[in-house]
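A.B. asks: Mind having a look at this structure? Questions to follow.
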Amino acid sequence: MEWIAESLDRMRKKRPLVQNITNFVVMNTTANALLALGASPVMAHARGELEEMLGIADALVVNIGTLDEHWIASMMEAVRTAKRLKKPVVLDPVGAGATRLRTETALQLLEEGEIAVLRGNFGEIAALLGEHGKTRGVDSAAYSPDEARELAIEASREFGTVVAVTGPVDYVSDGEKTYAVENGHEMLGRVTGTGCMVTAITGAFAAVEEPLRAAVSALVVFGVAAEKAYDEAPYPGTFHVKLYDWLYRIDGELVKKVARVRQVEP
Amino acid sequence: MEWIAESLDRMRKKRPLVQNITNFVVMNTTANALLALGASPVMAHARGELEEMLGIADALVVNIGTLDEHWIASMMEAVRTAKRLKKPVVLDPVGAGATRLRTETALQLLEEGEIAVLRGNFGEIAALLGEHGKTRGVDSAAYSPDEARELAIEASREFGTVVAVTGPVDYVSDGEKTYAVENGHEMLGRVTGTGCMVTAITGAFAAVEEPLRAAVSALVVFGVAAEKAYDEAPYPGTFHVKLYDWLYRIDGELVKKVARVRQVEP
Amino acid sequence: MEWIAESLDRMRKKRPLVQNITNFVVMNTTANALLALGASPVMAHARGELEEMLGIADALVVNIGTLDEHWIASMMEAVRTAKRLKKPVVLDPVGAGATRLRTETALQLLEEGEIAVLRGNFGEIAALLGEHGKTRGVDSAAYSPDEARELAIEASREFGTVVAVTGPVDYVSDGEKTYAVENGHEMLGRVTGTGCMVTAITGAFAAVEEPLRAAVSALVVFGVAAEKAYDEAPYPGTFHVKLYDWLYRIDGELVKKVARVRQVEP
């Protein structure tokens, strides 16, 4: 998949400004992931500046992880504004399924905005599709790879957006084409906000690439960085630090060598 | 103290979901401490989802570090809801004594909620007992070990909750039994939110253990991890990173070997 | 510049309590920078406690990075209270120029407060001076050293405060005297909030030193720490961690040896 390496180069050349309305837990770490990789993050949520900020931004990332009424209002206005300004939007429905507020907020964002990529774990995306699975924090419940693939395809068709269902194997679909990404490492589950980081990085790629390829590129690049980080540091504190190192160090050559991505039959 | 190692194993087996309403400064680091140790953190504060989130959570941690009127309202509702749902609550009265707002908020949380464990430094707990000591940031003022022990016992009786007064030696009391924990390292004072981390970890143990033992287990486990981290990294940046590594690596054998905890006479 | 080493010693002896009203992205990292260096951070923004908290604080740092109407109200009250209590205030106008809300908020803080030091990048300070440059996230646009020096002097005269324009070379001016600081490393641009860290550290120095010297001391100390960190760790994750190590390890001897600071002609 030559184009992943090319997406990475193109993204770094552009150094896209990624506007984030995200949760308090990961504001620092997603900003650092974007910076390490070569994008330029900005975090802004005041309604009085959304129009201007999105005017200069190349993409918008919305993450509902620590939502409340004030933040929901900002998120809604942000996705509407981004739609009007034709900026790509990536949505992370953190905790959808755990509470009605989260499920409903995510669904409303999908409705009011023009979402380019929806990224969540199995439980979150399943909840949005009306399943009554209860997500457990940011974890995914047990499910088969086949179910994850089907979920990505079905959710993509339902919501009219690219959907990435991430887990041991990630499935990314635009309803027609579907990719499986096997890069990554389970140690990512021991560091908070790694899902949010890959969502933020998807925003950076969405600034230079169409949504399906943006999502796949982000998952491969992030997954490879995680594998390299784990090679150097098998414990969560140092692993987390090395993850930024490898988001900085990763290049097209490395991606081509270790990417494990394939197109799958629907 | 065989039971500390057993608490750790039990906690890891359960992987409790710990709901945190905490301060902006430490949201990321307390989530990472919980994940590294083997618990599952969730941060949620919207009043519209507290009931549902606490319904699936195994414990609640409330930390008033960056309180304001909106967050206080969430905290109050959360402790009342947790009481009704019979979920253990751990309270960290950050900065009590520094301002009336903090002292009064902490006292009101103690009154409205069913607090299992109250953890603070000497100045904070003393302020809650009506002393007019001024706490200085998150630091403890000068005091003797005897005073700390007495304070833990007295506050425990006054508030009807287990109280952990942390400092060079930590004292934990339920008003009848009192433990002294000597694990830990002064480098913890050079990293923000380490007190908040141990409070969060107390929440994880409170999900599988009665409050007195939960508080002691958390302090021993965190203190041992800090000692091991310092052995590897005597400067605050790398020490902080290694702390997560050791929260992950620590096991019952290590705890039994290096725990320094004893029951003390009241 | 013997006095920089002396400022550092004096600051560490005093261990000033620095009150921060700052942005969500950097609350943790600026607190850690202050702690590593030897100051004592507190983050508090509730209007009901500002008076008391500022009463015990030695300096106030205001950073508008994730401003909104609630936080702006706190910031305004904080700078007015600090003025009344005669506490030095350091202002970081993050993103001024990117949106009108940021530019206007920063200007209003300069007007309502008694700002000791204003620290920003070229684009931010230029925007405050009425230039219509668009800042790009936290980056500085292209400009010459001469322009940066002139901007620092002009802004200082205009706003009646010490101004630090940071970039490849930092210029600090009180309108009469101007210093150029060449310490630092470009890897700082790959870690979020490093500008905010140096602003916070300026607050610590402002508690023990007049504003011009406080700003220069902070920039030299932080820049030297960054250089040492990079020597040990040339990638952003580990570099970031080592930065705290070196804020802790730096001392007057090291400062004297590697400081690159000079007074420049206006």
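The values are calculated or read from the model by the stated rules, or taken from the named source; none is laboratory data. Small disclaimer: the values here were computed from a predicted structure and weren't measured. Don't worry about glycine lacking a Cβ; one is built from the backbone with ideal geometry, like all the others, and counts go over all protein chains shown. Note: areas computed on protein heavy atoms with side chains; ligands, DNA, RNA excluded. Shrake-Rupley method; radii C 1.70, N 1.55, O 1.52, S 1.80 Å.
A.B. asks: Compute for chains A and C the buried accessible surface, both sides summed, probe 1.4 Å, and express it in Å² to the nearest 100. Could the numbers behind the result be given before it?
C.D. replies: On the way: alone 11590 and 11600 Å², together 20670 Å².
Buried: approximately 2500 Å² between C and A.
A.B. asks: Heavy-atom accessible surface, probe 1.4 Å, ligands and DNA/RNA ignored: which residues of the stretch C:205-247 lose at least 40 Å² versus the isolated chain?
C.D. replies: Buried-area filter returns C:Y235, C:P236, C:G237, C:T238, C:V241, C:D245.
A.B. asks: Taking each label point as 7 Å beyond Cα in the direction of the beta carbon, state the distances from C:E51 to the same residue in the other copies, shortest first, in nm.
C.D. replies: Computed spacing set for this position: 3.9, 3.9 nm.
A.B. asks: Compute the label-point distances linking C:A73 to its equivalents in the other copies; points lie 7 Å from Cα along Cα→Cβ; give nm, one decimal, shortest first.
C.D. replies: For C:A73, the other copies' label points sit at 1.1, 1.1 nm, shortest first.
A.B. asks: Let's see if you can work this out: charge +1 on each Lys and Arg Cβ, -1 on each Asp and Glu Cβ, no other charges. What is the dipole magnitude of chain C about its Cα centre, in debye to the nearest 20? Please report the intermediate quantities before stating the final value.
C.D. replies: Details: 28 positive and 37 negative charges, 112 e Å.
Approximately 540 debye in magnitude.
A.B. asks: Per residue of A:69-80, what is the mean number of Cβ atoms on other protein chains within 10 angstrom of that residue's Cβ? It would help to have the intermediate numbers written out before the result.
C.D. replies: Numbers: counts 4, 5, 2, 2, 0, 1, 0, 0, 0, 0, 0, 0.
Other-chain Cβ atoms within 10 Å of each residue's Cβ, averaged: 1.
A.B. asks: Another question about this same structure. Add -39500 (n - 2.57) for each DSSP H run of 4 or more in chain C, then divide by its residues: what number comes out at 222 nm, to the nearest 500 deg cm²/dmol? Don't skip to the end; give the middle numbers.
C.D. replies: On the way: 11 runs with 138 residues, N = 266.
Helix contribution divided over all residues of chain C: -16500 deg cm²/dmol.
A.B. asks: Where in the stretch B:134-221 are there GluC sites (Glu not before Pro) that are in a DSSP coil and have at most 11 other Cβ atoms within 10 angstrom of their Cβ?
C.D. replies: Loop-located and lightly packed - B:E176.
A.B. asks: Now, a different point. On a C-alpha basis, how far is the centre of the stretch B:43-72 from the centre of the stretch C:208-266 in Å? Whole number, if you could?
C.D. replies: If we compute the Cα centre of each part, the gap is 40 Å.
A.B. asks: Might you report the magnitude of the Cβ-based charge dipole of the stretch A:86-233 about its Cα centre, with Lys and Arg at +1 and Asp and Glu at -1, to the nearest 20 debye?
C.D. replies: Roughly 340 debye for the stretch A:86-233.
A.B. asks: Right, next: Can you give me the solvent accessible area of C:R15 with a 1.4 Å probe, rounded to the nearest 10 Å²?
C.D. replies: Rounded to the nearest 10, the figure is 90 Å².
A.B. asks: How high is the relative contact order of the stretch A:2-264? Use alpha-carbon pairs under 8 Å, at least six apart in sequence, and give a whole percent. Could the numbers behind the result be given before it?
C.D. replies: Details: 552 pairs, mean separation 55.2, N = 263.
Rounded, it is 21 percent for the stretch A:2-264.
A.B. asks: Where the label is 7 Å out from Cα toward Cβ, how close does B:E253 come to the same position in every other copy, in nm, shortest first?
C.D. replies: 4.2, 4.2
A.B. asks: Given the whole protein assembly as supplied and a 1.4 Å probe, what does the accessible area of A:F159 come to in Å², nearest 10?
C.D. replies: Surface open to solvent at A:F159 totals about 50 Å².
A.B. asks: Rounded to the nearest 20 debye, what is the charge dipole size of the stretch C:1-114 about its Cα centre when +1 sits on each Lys and Arg Cβ and -1 on each Asp and Glu Cβ?
C.D. replies: Values: 13 positive and 15 negative charges, 58 e Å.
In debye, rounded to 20, the stretch C:1-114 gives about 280.
A.B. asks: To continue, here is another question. List the lysines whose Cα sits under 22 Å from the Cα of A:K242, skipping any in the same chain fewer than 8 residues away.
C.D. replies: Answer for A:K242, where 22 Å is the Cα cut-off: A:K228, A:K256, A:K257, B:K228, B:K242, C:K228, C:K242, listed by chain and number.
A.B. asks: Kindly sort A:E232, C:E104, C:E69, A:E227 by accessible area of their heavy atoms, largest first, with the probe set to 1.4 Å.
C.D. replies: Numbers: A:E232 80, C:E104 110, C:E69 145, A:E227 35 Å².
Greatest to least solvent exposure: C:E69, C:E104, A:E232, A:E227.
A.B. asks: Right, here's the next one. Using the beta-carbon distance between C:E114 and B:A142 and R0 = 30 Å, what value does 1/(1 + (r/R0)^6) give for FRET efficiency, to the nearest 0.05? Each step should come with its number before you reach the end.
C.D. replies: On the way: r = 34 Å, r/R0 = 1.13.
Efficiency, rounded to the nearest 0.05: 0.30.
A.B. asks: Consider just the alpha-carbon atoms of the protein assembly as shown and return their Rg together with their Dmax, both in angstrom.
C.D. replies: 25.1, 71
A.B. asks: Related question: What are the lysines whose alpha-carbon lies under 26 Å from the alpha-carbon of A:K83, with same-chain residues fewer than 8 places away excluded?
C.D. replies: Straight-distance partners of A:K83: A:K13, A:K14, A:K177, C:K134.
A.B. asks: Shifting gears a bit: Among A:Q108, A:A214, A:L37, whose Cα lies farthest out toward the positive end of the dipole of chain A, if unit charges sit on the beta carbon of Lys, Arg (+1) and Asp, Glu (-1)?
C.D. replies: A:L37
A.B. asks: For the stretch A:3-132, what is one quarter of the convex hull surface built on the Cα atoms, given in nm²?
C.D. replies: Working: hull surface 32.0 nm².
Quarter of the Cα hull surface area: 8.0 nm².
A.B. asks: Shifting gears a bit: Using the charge dipole of chain C (Lys, Arg: +1 at Cβ; Asp, Glu: -1 at Cβ; taken about the Cα centre), state which of C:V61, C:Q263, C:P145 has its Cα farthest towards the positive end.
C.D. replies: Of the options given, the answer is C:V61.
A.B. asks: Give the residues of the stretch A:158-188 whose amide nitrogen is closer than 19 Å to a point set 7 Å from the Cα of A:E265 in the direction of its Cβ.
C.D. replies: Hits in the stretch A:158-188 for A:E265 at 19 Å: A:171-181.
A.B. asks: If you scale each eigenvalue of the Cα gyration tensor by 5 and take the root, what three semi-axes come out for the stretch A:201-245, rounded to whole angstrom and sorted largest first? Before the final figure, lay out the partial values.
C.D. replies: Working: eigenvalues 127, 16, 7 Å².
Semi-axes, largest first: 25, 9, 6 Å.
A.B. asks: Let me ask you something else. Hey, in the GNM for chain A with a 10 angstrom Cα cutoff, which one of A:A233, A:A106, A:A59 fluctuates hardest?
C.D. replies: Sorting by GNM fluctuation, first place goes to A:A233.
A.B. asks: Any chance you could get the radius of gyration and Dmax over the Cα atoms of the stretch A:2-264, in Å?
C.D. replies: 16.5, 46
A.B. asks: Report the residue, chosen from B:V79, B:V42, B:V90, that carries the largest GNM mean-square fluctuation when chain B is represented by alpha-carbon nodes joined by springs under 10 Å.
C.D. replies: B:V42
A.B. asks: Moving on. Counting heavy atoms of the protein chains only and a 1.4 Å probe, report the per residue accessible area for the stretch B:2-264 as a whole number of Å².
C.D. replies: Values: 8780 Å² over 263 residues.
Per-residue value: 33 Å².
A.B. asks: Could you list the residues of the stretch C:54-97 with an amide nitrogen less than 18 Å from a label point located 7 Å from the Cα of C:R10 in the Cα-to-C-beta direction?
C.D. replies: Of the residues in the stretch C:54-97, C:58-60, C:87-90 have backbone N under 18 Å from the label point off C:R10.
A.B. asks: When chain A is treated as a GNM, springs tying every alpha-carbon pair under 10 Å, which of A:G223, A:G95, A:G237 comes out with the largest mean-square fluctuation?
C.D. replies: Among A:G223, A:G95, A:G237, the largest GNM mean-square fluctuation belongs to A:G237.
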